[in-house]
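To start, the structure under review is shown below, and the notes come after it.
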Amino acid sequence: MSTTVSRAHWTGLNVFLHWTIVVLIIGQWIEGEYMIAFWDGTLEGKALDQTTVLLGYSHIVLGTLVLAAAAVRLLDRFVNGRPPHPEGEPTWASTLAKVTHVLIYVVLLVMPVLGLAAWFTGNDDLAGYHTFFWNPLLALIGLHVVGALAQHFWFKTGALKRMLPGVRHAS
Ligand code: HEM
Ligand code: HEM
């Protein structure tokens, strides 16, 4: 991932895409169980209730939006860079943050691609690989959130504030 730094702060687009992805992932969490029922029922040709069908299709739509949002975010990141990592955090913490961000992006791209591949081919193995990534994603997000809170409360940098909607901090 490019380490270009060409911005003093996150732009409105960065912040919008970040929090949009958060909301979409929460949606995927809620719908996950319905998608399993929808998938199994579709493969076995069973009749399904309306809620399962509706939430199953919305899992596909929201998951595809995650893919699109992560791709736009990454493209923007490569073209325009990101603000510098906050001063005042130790090197190990910014290295850990960088590695976590890269891994989150990898999973945010790989998971929906595997889900879509499973859906369009009807391949249950691909669906299994898709769901395999869910727990690692949750672990990465957990680490990321602990890191964001540590930035704010422990290292006392402005990292969390500058990612909040409506707040722009020159760093
Ligand atoms: C980043 C986006 C996505 C996330 C975070 C996500 C998350 C999940 C979760 C949490 C489950 C249930 C796993 C479990 O509880 O063990 C699931 C199941 C499933 N998802 Fe996704 N999903 C995403 C995108 C997609 C997309 C775009 C599709 C395309 C059709 C898709 C297809 C499926 C299928 C087929 C299952 C059922 C798999 C099975 O029963 O083995 N997902 N997904
Ligand atoms: C689904 C949950 C989340 C995902 C997938 C996610 C993903 C990401 C990614 C990939 C970045 C790196 C941006 C880049 O360099 O392009 C980032 C930055 C950031 N995230 Fe999250 N995030 C999530 C939840 C949260 C939450 C709940 C918080 C607050 C507690 C948060 C706070 C931040 C902050 C402060 C940054 C900027 C760090 C910096 O300036 O170096 N994130 N997030």
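Structure data summary
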item: Considering residues of segment 52-68 that are open to solvent by 40 Å² or more (accessible area, probe 1.4 Å) and more than 15 Å from His18 (Cα to Cα) only, the residue farthest from ligand 2 (Cβ to nearest atom); result: Val53
item: Search result, residues across segment 133-148 that are surrounded by 14 or more Cβ atoms within 10 Å (Cβ to Cβ) and of a type in the set (S, T, N, Q); result: none
item: Selection within segment 104-132 - under 13 Å from Leu67 (Cβ atoms), surrounded by 16 or more Cβ atoms within 10 Å (Cβ to Cβ) and touching a residue at least 24 places away in the same chain (Cβ under 8 Å); result: Tyr105, Val107, Leu108, Met111, Pro112, Gly115, Leu116, Trp119
item: Conditions (1) of a type outside the set (Gly, Ala, Ser); (2) free of Cβ contacts under 8 Å to residues at least 40 places away in the same chain; (3) surrounded by 16 or more Cβ atoms within 10 Å (Cβ to Cβ); number of the one not met by Thr95; result: (3)
item: Exclusive hit being under 19 Å from Arg162 (Cβ atoms), in contact with a Lys or Arg (Cβ under 6 Å, 6 or more places away or on another chain) and open to solvent by 20 Å² or more (accessible area, probe 1.4 Å), set His9, His85, His101; result: His9
item: Options Ala37, Ala47; residue that is away from ligand 2 (no atom under 11 Å from the Cβ), open to solvent by less than 50 Å² (accessible area, probe 1.4 Å) and over 29 Å from Trp154 (Cβ atoms); result: Ala37
item: Helices (runs of 4 or more DSSP H) lying entirely in segment 81-171 (those with 2 or more residues that are away from ligand 2 (no atom under 11 Å from the Cβ)); result: 91-121, 124-132, 134-153
item: Test: residue in segment 77-92 that is under 30 Å from Phe38 (Cβ atoms) and without any contact (Cβ under 8 Å) to a residue 24 or more places away in the chain; result: no
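The values are calculated or read from the model by the stated rules, or taken from the named source; none is laboratory data. All of these numbers come straight from a predicted model, not from anything done at the bench. Neighbour counts are summed over all protein chains in view; Cβ atoms, including those assigned to glycine, are modelled from backbone coordinates with ideal geometry. The protein model used for the area step is the full one, side chains on, heavy atoms only, and it has no ligands, DNA or RNA in it. Shrake-Rupley method; radii C 1.70, N 1.55, O 1.52, S 1.80 Å.
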